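Undergrad: First the structure, then my questions, so here it is.
The values are calculated or read from the model by the stated rules, or taken from the named source; none is laboratory data. Since the model is a prediction, treat every value here as computed from it, not as a measurement. Because the Cβ atoms are built from the backbone with ideal geometry, glycine has one as well, and the counts that use them run over all protein chains shown.
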Amino acid sequence: MSKLIYMDNAATTFVDKRVLDAMIPYLSGKCFNPSSIYDGAQDVHEALDNARGVLAKSLNANPREIYFTACGTESDNWAIKGVAHANAAKGKHLITSKIEHHAVLHSMQALEREGYEVTYLDVDSDGLVNVADLEKAIRPDTVLVSIMYANNEIGTIEPIKEIGELCHKKGVTFHVDAVQAYAHVPIDVVAENIDLLSVSGHKFNAMKGTGFLYIKKGTKISNFMDGGAQEMKKRAGTENVAGIIGMAKAAEIAFAELDKRMKYETEIRDYMIDRVLKEIPYSKLNGHRTKRLPNNLNIGFEFIEGESMLLALNDLGVCASSGSACTSGSLDPSHVLLAIGLPHEKAHGSLRLTISHETSMDDAKFVCDNLPKIVERLRSMSPLYEDFVKNK
Amino acid sequence: MAYSEKVKDHYQNPRNVGEIENASGVGTVGNAKCGDIMRMYLDIDDATGIIKDCKFKTFGCGAAVATSSMATELVKGKTIQDALKVTNKAVMEALDGLPPIKIHCSLLAEQAIHAALWNYAEKKGIKIEGLEKPVNDVSELEDGDEE
Ligand SMILES: Cc1ncc(COP(=O)(O)O)c(C=O)c1O
């Protein structure tokens, strides 16, 4: 097996060649500290300003509202803990959903250990947060609502605009983890009533260890790193210049092609969903059918376990992911699949394929051609399937 | 996940997959909650106590498939007494080791064999020397085993 078929773009993406080319000068010749005074350093400073401008424009934000961080996890930690700490006098209650990324959930749990109270909202069987439930959960002492733009496992896109509207009506700050959505679907922080938004570079063809947090002007938030004057003194530390330049380049490329990419990915996604559901019995799509990231398909196969599917796909050169316990490093399957109501054995049998603008129709066909055989083989050795057939 | 070549071989080409009709003993252990379920079928010669055939079905990860497959190979042709010596450690060693988080799979394989033998003993109304009632939840065994 020589060719690699990479369908794990939600885990990370490959750095675009144009992104790498944009970064190289800042790793060799132009490696001045942007805070220094001489011409070369000022050029680097200007390049950073330009990058900030590109990223701000992509969200309909102001450049002064973009704060560079080292990853999506950092952006989430800062947004949640920073807003909670800065508003502790107002209240100590936060609201999030049960299907957030661990960067959000574990930040919330850290606050709970400090004495904060957190409400974890249920989602429906498609993974959607119910706005009426949120309204009921908001209290006078609620200081932050944090809901993800799109879920990293099942791809469901949340009703962000409506949630933001409600938060603003109630005077509550609204944070959005857009790590999976940014540069994959259009986002407008003004129109969608978003106060803080987390982004990670390596999910859209920039390098790992890059990211930013959008913080709307006037939002009360504590500093993340104390030190120098970088990032309006809120997140000190000499900037990851090459990484930031590359992230802005990646955004520029992605947004220039956004409509085209979305259309293309949606077509491949739907082709694969339709074929798999049609050709493999006892399979079911996880996540919303249409309110869904263009690059995400997550399918549950009854009677079989996710890791054994991944290993079989790996033997064919296909990189994929699963919500099974074996892949999560614990004995529990994905909290997201449990939250949408799947029983354990079904949560263990899920397969996540996340495509990209570079996935070819031939790749999609190859995977669809081979999946039925893999599922059939694993079912033929599954005691759950044996029981099911005998009891039918 | 760093699996040994032997583990890979056994999940790619598992030995003795299937069912035995009118098996002398059948045992199922594990549960869907923890993500692994193993079922072992034994065909035992009543006169000699030799395990003539052994087959399995497993719902689980690569390690679960490989440990069941290896366990069937190890007990096939053995007497019941020798089959009891096929411990989880023996299965692991035969596979050139397992990642620490997968040790419970080898315990499950051991318990699956015990469950099938237990079933055989119950059907025959005999007691097998040295065989304890198998457990379904191997996490208790695992804790004691890690020292
Ligand atoms: C929704 C979501 N939030 C946060 C993160 C964390 O991002 P990073 O890997 O940049 O820390 C991820 C990455 O998987 C994610 O999918």
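Undergrad: How many of the residues in region A:270-302 are on the phi > 0 side of the Ramachandran plot and crowded, with 21+ Cβ neighbours inside 10 Å?
TA: 1
Undergrad: Could you pull out the residue among A:ALA79, A:ALA22, A:ALA84 that is in contact with a His (Cβ under 6 Å, 6 or more places away or on another chain), of a type outside the set (Phe, Trp, Tyr) and crowded, with 21+ Cβ neighbours inside 10 Å?
TA: A:ALA79
Undergrad: Look through A:LEU144, A:LEU166 and report the one residue that is in a strand (DSSP E or B) and more than 19 Å from A:GLY341 (Cα to Cα).
TA: A:LEU144
Undergrad: Within region A:268-370, which helices (runs of 4 or more DSSP H) (wholly inside it) include 3 or more residues that are away from chain B (no Cβ under 12 Å) and in contact (Cβ under 8 Å) with a residue 60 or more places away in the chain?
TA: Hits in region A:268-370: A:335-339.
Undergrad: Please name all residue pairs, on different chains or six or more residues apart, with Cβ atoms under 7 Å, provided the first residue is in region A:371-386 and is more than 9 Å from every other protein chain (Cβ to nearest Cβ) and the second residue is part of a helix (DSSP H, G or I) and of a type in the set (Gly, Ala, Ser).
TA: A:ILE374/A:ALA312
Per-residue answers, yes or no, for (1) within 12 Å of the chain's Cα centre (by Cα); (2) over 15 Å from B:PRO14 (Cα atoms); (3) at the interface with chain A (Cβ under 9 Å from one of its Cβ atoms):
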position: B:THR48; (1), (2), (3): no, yes, no
position: B:SER69; (1), (2), (3): yes, no, no
position: B:GLU73; (1), (2), (3): yes, no, no
position: B:THR79; (1), (2), (3): no, yes, no
position: B:LEU95; (1), (2), (3): no, no, no
position: B:LEU98; (1), (2), (3): no, yes, no
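Undergrad: Which one of the conditions (1) more than 10 Å from every other protein chain (Cβ to nearest Cβ); (2) of a type in the set (Lys, Arg); (3) part of a loop (DSSP other than H, G, I, E, B) does B:LYS6 fail to meet, given that it meets all the rest?
TA: So the condition that B:LYS6 fails would be (3).
Undergrad: Looking only at region A:122-152, how many residues end up being surrounded by 15 or more Cβ atoms within 10 Å (Cβ to Cβ) and closer than 25 Å to A:LEU351 by Cα?
TA: Residues flagged as surrounded by 15 or more Cβ atoms within 10 Å (Cβ to Cβ) and closer than 25 Å to A:LEU351 by Cα within region A:122-152 amount to 11.
Undergrad: Just one of the numbered conditions (1) on the phi > 0 side of the Ramachandran plot; (2) within 10 Å of chain A (Cβ to nearest Cβ); (3) modelled with pLDDT of 95 or more is not true of B:ASN22; which one?
TA: Only one criterion in (1) on the phi > 0 side of the Ramachandran plot; (2) within 10 Å of chain A (Cβ to nearest Cβ); (3) modelled with pLDDT of 95 or more is unmet by B:ASN22, namely (2).
Undergrad: Answer with yes or no whether B:THR79 is touching a residue at least 24 places away in the same chain (Cβ under 8 Å), farther than 30 Å from A:LYS346 by Cβ and among the β-branched types (Val, Ile, Thr).
TA: Against the criterion (touching a residue at least 24 places away in the same chain (Cβ under 8 Å), farther than 30 Å from A:LYS346 by Cβ and among the β-branched types (Val, Ile, Thr)), B:THR79 qualifies.
Undergrad: Take region A:159-177 and flag every residue that is within 16 Å of the ligand (Cβ to nearest atom) and either within 14 Å of chain B (Cβ to nearest Cβ) or in contact (Cβ under 8 Å) with a residue 40 or more places away in the chain (or both).
TA: Those that are within 16 Å of the ligand (Cβ to nearest atom) and either within 14 Å of chain B (Cβ to nearest Cβ) or in contact (Cβ under 8 Å) with a residue 40 or more places away in the chain (or both): A:HIS175, A:ASP177.
Undergrad: Confirm whether B:THR87 is away from chain A (no Cβ under 14 Å), among the hydroxyl-bearing types (Ser, Thr, Tyr), in contact with a helix residue (DSSP H, G or I) (Cβ under 8 Å, 6 or more places away or on another chain) and under 19 Å from B:ASP137 (Cα atoms).
TA: yes
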